[in-house]
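The values are calculated or read from the model by the stated rules, or taken from the named source; none is laboratory data. Computed from a predicted structure; not experimentally measured. Using ideal geometry, Cβ is built from the backbone for each residue, glycine included, and neighbour counts are taken over all protein chains shown.
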Amino acid sequence: MRYLVFLLFIFNISLSQDTSSILSKDAFEDLKRSNPFSHMSPEEMRAIIQEKSKDNSFGKIIEKYPKFEDFLSHWYVDEEAVPKLFSLMEDPSKVKGFFIKLIIVFVLGLMIIHYLTRSDTSFFVKFFKKLGLNFILVFCIWMIFYDSFKENLEPTVELVKTHLL
């Protein structure tokens, strides 16, 4: 849910520019080439974020977690983080490879989960085993995603390390 809020917030900031050009295909291509906010300073972006989020639930999140606001203000103005993130799905061979790996790991993970929990008779033992194994499966899928698109995610990950950790 928080990722959906984050994406909606990104879309909301983008709409604060020129609505007619943001929604066009050419504008999206421009966004993949360069960041329209890169000419701004993080302090200017922080003011925009605070203004756009003061009357909604996202503003409460920012008030509660000021490091998240710091991360967003630096992420929006970074010259390569935004374009690389938006060009994530440009290489069809990478996307195809990711989905093949995803399907294989998902099916194998479900088979392993079923195999390891089939002999348990207690509902609670089976539930907690399946829950733990599902967390491991989701972690593996995230690692496959990161490994598949490492060069696109690396600038954003560096900003996360710098401002959130």
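Table for the structure above
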item: Number of the exception - residue 93 against (1) surrounded by 11 or more Cβ atoms within 10 Å (Cβ to Cβ); (2) modelled with pLDDT under 95; (3) closer than 16 Å to residue 145 by Cβ; result: (1)
item: Segment 74-102: number of residues that are part of a loop (DSSP other than H, G, I, E, B) and either under 18 Å from residue 142 (Cα atoms) or among the small types (Gly, Ala, Ser) (or both); result: 3
item: Residue in segment 103-117 that is outside any helix (DSSP H, G or I), loosely packed, with under 12 Cβ neighbours inside 10 Å and over 28 Å from the mean Cα position of the chain (by Cα) present; result: no
item: Residue in segment 68-81 that is out of contact with any Gly (no Cβ under 8 Å at 6 or more places or on another chain), under 30 Å from residue 131 (Cα atoms) and not assigned by TED's automatic domain parsing to the domain that holds residue 127 present; result: yes
